[in-house]
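The values are calculated or read from the model by the stated rules, or taken from the named source; none is laboratory data. Small disclaimer: the values here were computed from a predicted structure and weren't measured. Positions of Cβ are generated from backbone atoms using ideal geometry, with glycine treated the same way; all protein chains shown enter the neighbour counts. Areas reflect the complete protein model, heavy atoms only, side chains present, ligands, DNA and RNA absent. Shrake-Rupley method; radii C 1.70, N 1.55, O 1.52, S 1.80 Å.
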Amino acid sequence: MKKMRTRLCLALLALLALPVCAQKQWTLDECISYAMQHNITLQKARLSQQSAAEDVKGQKGALLPTLSASTNQSVGYRPWQDNGVATVTNGQVNAKVDKTYYNGNRNRNNERLSKLSEQQAELNVAEQANSIEERICQLYVQCLYLDEAIKVDRATLETSQKNEQRGQEMVDVGMMSKADQAQLSAQRANDEYNIVEAETQLANYKLQLRQLLELDATADFDIAVPPTTSEQALSEIPSLQSVYDQALASRPEIESAKLGIESSNISLAVAKAGWLPTLNLTGGLSTSTNSLSNNGWGNQMKTNVNMSGGLSLNVPIFDGKQTKTNVSKARIQQQQAQLDLLDKQKQLYQTIEGYWLDATSNQQRFRAATASVASAESSYELLQEQFNVGLKNIVELMTGKNNLLQAQQNQLQAKYLTLLNQQLLRFYANNSL
């Protein structure tokens, strides 16, 4: 009775500890959502966006007039004055206001440039997020593929173990040589190695995924394995042109390149402003005091008030070709911005075309591999039956087994590559995984 109670207590403790010890399994959505909040590269991009927003505020402030005030108090010593006054104090208070009325719209264009830079910084955040999301998807699907490949390898190992056991029985009754039995043992050991190799690759992909999520190295991490079907892999692939057209209208790298062209046009206007005159409005207010005066401090502050205002016009005549050089460089920047847009469009098309070709070819491979697996399974089952009664030798059995394993791996690889590229095409079309 006491032993039974002890066992019940241990079982209860094990059940209570199970939820605590259970390892969290991350879905693809959870991985993406967590990375969007914690990835360091993305956080740096957001800080750059905040800095660009502050630059906009600074450029808006440049349109406002400036106001400054200063005061100066000094003490002088005159030891040989006739009136006997040796110490003299002087005071001065100044206020100045300055406003640039016209400088070829340079300040307003600089404000527009800063706003465009802020928009580009925001698009850079979106571009970085897309890149991280795309990489997470690739790693996640690789993990799914390897998880299922390991299951196939383990089933293959189980078959090899049965063949090895059956071979030993045949050796015992003299139906097989020890050399052939050694080949069966080597096949079983090779299957064990394949499992270890696949598990190592899976652990490496999970490590890369965890690093993208910025998870602590000691944190438990595993992925949820959703069910996948052949129907998903055989679903219709969107057309190349439709995906490209949608991507052109939504991808942040394209929008950023278009803003680059607009920014280069404004930069050219800023450079040309160097040929235009500058008109400034100025105003000032000052007063002073002196200890030698018979007036009191308050009267001096009042009677010595001096107000001034004026206009200053600066007309550039010759600046050592600085403006001409700046204009020429701005025009070069225009051409570079236009080429950058063409290059981004070309890269986008090449990327989408690569995913589309991979999706199409792997879908065809998946159809062929599915038929090949069915044929290889039937062939191997027949070989096993014939081998068990001594009608087939060890070489034929191992060849059939290797053909089946290769067909199964080809089917899995084609299936998950098709699913991955289908998802990436949808991602480029509507920014959704």
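Using the Cβ of GLN246 as centre and a radius below 15 Å, the other residues enclosed give a net charge of -2, where K and R count +1 and D and E count -1. Taking every protein chain into account, the 1.4 Å probe leaves SER51 with about 60 Å² of accessible area, to the nearest ten. Think of each Lys and Arg Cβ as +1 and each Asp and Glu Cβ as -1; about the Cα centre, that makes the dipole of the range 290-350 roughly 160 debye. Remark: the THR27-LEU63 segment gains 7.9 nm on full extension, using 0.36 nm per residue and subtracting the alpha carbon distance. Highest average first, the peptides 210-223, 55-68, 186-199 ordered by how many other beta carbon atoms sit within 10 Å of their residues are 186-199, 210-223, 55-68. Here the chain is assigned +1 on the Cβ of each Lys and Arg and -1 on the Cβ of each Asp and Glu. Its dipole about the Cα centre then comes out at about 2040 debye. Ranked by the mean number of other Cβ atoms within 10 Å of their residues, highest first, the peptides 398-405, 154-161 fall in the order 398-405, 154-161.
Surface composition of the range 81-217: carbon and sulfur atoms hold 45% of the protein heavy-atom accessible area at a 1.4 Å probe.
Can you give me the span-like helices of the chain, meaning DSSP H runs with 24 Å or more of Cα extent along the axis and Kyte-Doolittle mean at or above 1.0?
Values: long enough: 2-21 (28 Å, 1.20); 40-61 (32 Å, -0.85); 106-172 (97 Å, -1.01); 178-212 (51 Å, -0.90); 252-272 (30 Å, 0.18); 322-388 (92 Å, -0.88); 394-430 (54 Å, -0.25).
Going by DSSP H runs, the hits are 2-21.
Protein heavy-atom surface of the range 383-433, 1.4 angstrom probe: 46% of the accessible area is carbon and sulfur, with nucleic acids and ligands not counted. Straight Cα distances below 12 angstrom link LYS115 to the aspartates and glutamates GLU54, ASP55, GLU262, with same-chain residues fewer than 8 positions distant left out.
Taking amide H positions as modeled 1.01 Å from N, with prolines and chain starts lacking one, the residues under 5 Å from THR89 and 5 or more places away or on another chain are GLY76, SER291, LEU292.
Sum -39500 (n - 2.57) across every DSSP H segment of at least 4 residues in the chain, then divide by the residue count to get the 222 nm mean residue ellipticity, nearest 500.
Values: 11 runs with 302 residues, N = 433.
When only DSSP H runs of four or more count, the value is -25000 deg cm²/dmol.
Along the axis of the charge dipole computed for the chain (Cβ charges of +1 for Lys and Arg, -1 for Asp and Glu, origin at the Cα centre), the listed residues GLN246, ALA179, ASN299 are led at the positive end by ASN299.
State the extension gain, in nm to one decimal, for the chain segment bounded by ALA219 and THR41, taking 0.36 nm per residue of separation less the distance between their alpha-carbons.
62.0 nm
Close amide H pairs (under 5 Å, H built 1.01 Å from N) link ASN304 with SER288, residues at least 5 positions away or on another chain. Restriction of the trypsin sites (Lys or Arg not before Pro) in the range 232-327 to DSSP coil positions whose beta-carbon has at most 14 other beta-carbons within 10 angstrom yields LYS321. The amide H of ILE223, built 1.01 Å from its N in the peptide plane, has TRP26 as neighbours under 5 Å, considering only residues 5 or more places off or on other chains. Using the average count of surrounding beta-carbon atoms within 10 Å as a protection proxy, the listed peptides 303-311, 389-397 rank, highest first, as 389-397, 303-311.
How much area per residue is accessible in the range 64-172 when the probe is 1.4 Å and only protein heavy atoms are counted (Å²)?
About 59 Å² of surface per residue is accessible.
Quick one: grab the alpha carbon gyration tensor of the range 71-163, order the square roots of its eigenvalues as a ≥ b ≥ c, and give me rounded if a/c is under 1.5, else prolate or oblate depending on whether a/b is larger than b/c. Oblate shape, in that a/c is at least 1.5 and b/c is the bigger or equal ratio.
Kindly report the accessible area of the range 323-433 per residue (heavy atoms of protein chains, probe 1.4 Å, no ligands, DNA or RNA), in Å². Show your work: numbers first, answer last.
Numbers: 5890 Å² over 111 residues.
With the other protein chains kept in place, the range 323-433 gives 53 Å² per residue.
Note on the chain: antiparallel DSSP beta bridges, both residues inside, total approximately 95 percent of the bridges counted.
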